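None of the figures in this text is laboratory data; all of them are computed from the coordinates on show. Fair warning: this is a prediction, and the values are worked out from it, not measured in the lab. Here the Cβ is made from the backbone with ideal geometry for all residues, glycine too, and neighbour counts use every protein chain on show.
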Amino acid sequence: MKYSKFFIWLRAARPQTLPASFVPILAGASLAWHHSVFRWDASLVALLCALLIQIGTNFANDYYDFLKGADTPDRIGFERATAAGLVTPNAMFRATYLTMALAFVLGLYLVWIGGWIILMIGLLSLLFGVLYTGGPFPLGYNGLGDLFVFIFFGIVAVMGTYYVNALQWSVQSFWLSVPVGALCVNILVVNNLRDIEQDKQTGKRTLGVLLGEKALQTEYLLLVIVSFLTPFIFFLLYNFSLWIFLPFLSLPFALQLIHHIWYHDDKRELNQTLERTAKFMVFFGALLSIGILFQ
């Protein structure tokens with residue numbers, strides 16, 4: 001089947017994973033709004049930078065996984081553009097660093113607002129976005145992918161967004177980053193659970209390869225539980241109203257996903273579970289943000 005160039009690059013950007021960059025910005029901005037320190041310009045640029053870094057990381061994964069031979073013909077996950085021959089390795093390499101460079105240029109506006117600390121955060125985000133699959137010690141190949149995602153797509157993204165709005169750090173923004181980071185990690189958990197056999201064959205040492213399928217299934221369950229416990233922290237410690245429990249409307253969907261993670265007949269089914277996990281993150285994140293705005 002012949003695809004247009006636009007469609008090829010759109011698929012390579014892996015839009016099904018982009019909630020990992022959108023929801024953290026939404027959460028951080030909603031808390032800034034609640035504290036009456038919200039800035040449209042800072043939040044919008046933070047969103048654009050987050051999306052570009054996420055896309056650049058996806059391009060880097062496409063390129064470096066191809067170089068390392070991780071994308072074999074037996075792959076059951078979403079098609080990779082470089083491995084499928086739809087994009088040349090050189091083109092994917094250029095796209096990776098062009099996207100990252102654009103994120104850096106836009107991020108200079110946030111540096112102008114927030115100072116050197118934002119510059120450091122931005123540079124580390126760009127660096128580790130490449131080192132996730134690139135470099136001599138790729139994080140995703142050595143069981144550190146989950147930690148990377150939790151830190152950068154949870155803590156850093158949410159707290160950083162709040163900071164460029166308020167120009168000060170907030171303990172509340174840390175607690176808000178916990179469910180966001182947890183649900184981001186669950187997207188990766190599904191990915192690793194689906195690819196566990198292929199990863200073993202190619203030497204990719206994810207947590208699934210190191211600890212087994214049951215560990216990933218348990219991790220997914222625990223991260224969902226952590227996400228639903230977070231509203232109690234805001235209610236009990238910070239006197240938020242009952243609106244903070246709005247995310248519990250998403251509980252039936254969470255239970256369905258947990259069931260799919262533990263009981264599936266074919267690993268290919270997890271492609272759909274991955275997409276639904278990302279959609280669940282959006283649903284949960286939107287409800288949590290609305291709950292904060294309604295305080």
Relative contact order of the chain, pairs being alpha-carbon contacts under 8 Å that are 6 or more residues apart, as %:
24
Order these by the 10 Å Cβ neighbour count, fewest first: 4, 250.
4, 250
What 222 nm value per residue comes from the helices of the chain, counting each DSSP H run with n ≥ 4 as -39,500 (n - 2.57) and dividing by all residues, nearest 500 deg cm²/dmol?
-23500 deg cm²/dmol
Which of rounded, prolate, oblate describes region 88-212, given a ≥ b ≥ c as roots of the alpha-carbon gyration tensor eigenvalues and a/c under 1.5 marking rounded, otherwise prolate only if a/b is larger than b/c?
oblate
Of 154, 285, 114, which is the most mobile in a GNM of the chain whose springs link Cα atoms less than 10 angstrom apart?
114
Using +1 at the Cβ of each Lys and Arg and -1 at the Cβ of each Asp and Glu in the chain, identify which of 170, 109, 284 lies farthest towards the dipole's positive end.
109
Want the number for residue 79 to residue 120: 0.36 nm per residue separation, take away the alpha-carbon distance, what's left?
11.4 nm
Cα-centred dipole magnitude for the chain, charges only on beta-carbon of K, R (+1) and D, E (-1), debye, nearest 20:
400
Hand me the tally of lysine pairs in the chain: alpha carbons under 22 angstrom apart, and the pair either on different chains or 8 or more positions apart.
8
Extreme residue, positive dipole direction of region 23-293, given options 220, 264, 293 (C-beta unit charges)
293
Students often check this: by mean Cβ neighbours within 10 Å, which of 226-236, 53-63 ranks highest, and how do the rest follow?
53-63, 226-236
Would you mind telling me which residue in 64, 263, 162 has the biggest mean-square fluctuation in a Gaussian network model of the chain, where springs connect alpha carbons within a distance under 10 angstrom?
263
